């Protein structure tokens with residue numbers, strides 16, 4: 001009768017600790033060095049190049065890059081779009097997360113899939129889809145034209161496309177957290193006579209406020225940096241429908257590289273501010289968990 005196969009035991013070091021893959025000093029140095037090298041080449045170098053090119057001719061030339069009327073209008077339009085889109089998507093994210101996390105109903109999984117749909121669709125395809133619906137030759141085009149309502153190649157189209165591509169950000173941050181927290185506190189509030197709005201305002205939102213802030217920060221950064229869908233629905237009309245990403249492209253095509261990189265530093269600053277906000281929110285969230 002053959003002896004049963006022996007199961008190899010985990011290796012241990014001289015102190016009795018289990019030896020793990022990659023725990024050797026040489027392996028750690030190689031892995032850390034490789035990660036730092038890739039990070040430097042893919043992330044740090046492009047960011048450094050943006051600021052270096054923007055400031056290549058000095059601060060005066062950098063400041064003059066923002067004096068052009070078209071650039072100033074692009075900045076204003078981008079801010080207005082963010083001021084409209086972010087609050088709408090915050091409200092949508094709260095409502096979607098509340099429904100998905102707190103209730104069981106037929107079609108719940110379908111709603112989750114619909115919320116995440118913009119993540120799986122190219123923004124350019126989303127822009128083309130809006131053209132097929134609201135464009136002059138689209139499904140609602142004749143009706144809109146008859147009533148002198150202009151959506152495509154105008155500011156409303158930019159906002160619609162931005163709403164679509166940023167719709168999941170707040171909901172995706174809130175849904176897992178709300179599911180993990182359960183519904184016990186809301187059910188207790190109901191037994192005490194609290195209404196739906198009061199429960200949402202005093203019970204649910206305080207428990208998810210950090211995830212809500214992080215989702216809003218991500219949504220804002222994506223709105224201000226969106227290019228694909230906006231480029232389709234805006235028409236790239238100078239001084240009328242150009243947001244910051246589109247203006248950067250036009251400046252670069254006009255061989256005005258300094259101005260293009262200068263304007264790009266604004267979007268880079270937004271991205272970096274989002275990372276800082278993420279770090280602060282995570283630290284506050286950990287502090288709250290330790291306090292409880």
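The values are calculated or read from the model by the stated rules, or taken from the named source; none is laboratory data. Predicted model only: the values in this text are computed from it and were never measured. No Cβ is skipped: glycine too gets one built from the backbone with ideal geometry, and neighbour counts run over all protein chains shown.
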I'd like to check something: does region 1-21 contain any residue that is assigned to a loop (DSSP other than H, G, I, E, B) and at pLDDT 90 or above? no
Some residue of region 124-146 being surrounded by 13 or more Cβ atoms within 10 Å (Cβ to Cβ) and under 26 Å from residue 212 (Cα atoms): yes
Would you call residue 221 in contact with a helix residue (DSSP H, G or I) (Cβ under 8 Å, 6 or more places away or on another chain), touching a residue at least 40 places away in the same chain (Cβ under 8 Å) and loosely packed, with under 15 Cβ neighbours inside 10 Å? no
Looking at 87, 69, can you tell me which residue is modelled with pLDDT of 90 or more, over 24 Å from the mean Cα position of the chain (by Cα) and at negative phi? 69
